[in-house]
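Rule-based calculations on the coordinates, nothing more; no lab input. Bear in mind the structure is a predicted one, so any value in this text is a computation, not a measurement. Glycine gets a Cβ as well: all are built from the backbone with ideal geometry, and neighbour counts include every protein chain shown.
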Amino acid sequence: MGYKKEYYIKALADVAKLRLTADEIAKNNLLSVYLAHPDIKELDDKMNALGLLAVKSAVKLSGADEIINLKSEYEKIDRDKQELLSKYNISASSLKPNYCCKNCNDTGYVNGELCECVKKIAKEYYYNDLCEKMPLERSSFGSFDISLYPDDARSNMQ
Ligand SMILES: [Zn+2]
């Protein structure tokens, strides 16, 4: 800890981009599966509808039995879906976002604390910044003026 705030802000933005990319890839995979196999989309639509019903039941006091029924129906459809996926040779994990950091799922936080991945990126930004400020790093061999060095150092270089 202890780097400037701007390094963490940049690192968090990077992690957010990774998360967006992973979400986007999973979404595209899902859409192409839906295009090729409308029967899978149909099951997903049913499961989404059941999920909404469960939320509605949850706000009712008498909803407990309903939720249990909805849940078993949901699980049945989910099993059908898993069967279809294996029938079509689609891995279920390809439909879920594959986040770079398994600790924070690329959210940047674990239990309200900055994740190690953010600290690591912030550290890299810190060192990059540090290197840029050092004149030695800037000078390429093209702009290298050998006459500035003492004679014995020069003979070592040649
Ligand atoms: Zn992380």
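List the aspartates and glutamates whose Cα sits under 12 Å from the Cα of residue 10, skipping any in the same chain fewer than 8 residues away.
Cross-link targets: 124.
Report the calculated FRET efficiency for residue 42 and residue 120 (r = Cβ-Cβ distance, R0 = 41 Å), to the nearest 0.05. Please list the in-between numbers first.
Values: r = 43 Å, r/R0 = 1.05.
Result of the calculation: an efficiency of 0.40.
Once the convex hull of the alpha carbons of segment 1-96 is built, what does its volume come to per residue, in cubic angstrom?
Each residue corresponds to 154 Å³ of Cα convex hull volume.
Between residue 24 and residue 133, what is the FRET efficiency for a Förster distance of 30 Å, r being their Cβ-Cβ separation, to the nearest 0.05?
0.25
Can you bin every Cα-Cα distance in segment 38-89 into 5 Å intervals starting at zero and give me the percent of pairs per bin, rounded to whole numbers?
5, 21, 27, 19, 13, 9, 5, 2, 0
Efficiency by 1/(1 + (r/R0)^6): what FRET value for residue 4 and residue 107, r their Cβ-Cβ distance, R0 = 25 Å, to the nearest 0.05?
The value I calculate is 0.70.
Taking Rh as the Kirkwood radius, which is the inverse of the mean 1/r over Cα pairs, what is the Rg/Rh value for segment 14-55?
The Rg/Rh ratio comes out at 1.15.
Within straight cross-link reach of residue 17, meaning Cα distance under 24 Å, which lysines are found once same-chain residues fewer than 8 apart are removed?
Within the straight-line limit of under 24 Å, residue 17 reaches these lysines: 4, 5, 27, 96, 102, 119, 120, 123.
Number of Lys pairs in segment 38-89 with C-alpha atoms less than 26 angstrom apart, excluding same-chain neighbours closer than eight positions?
19
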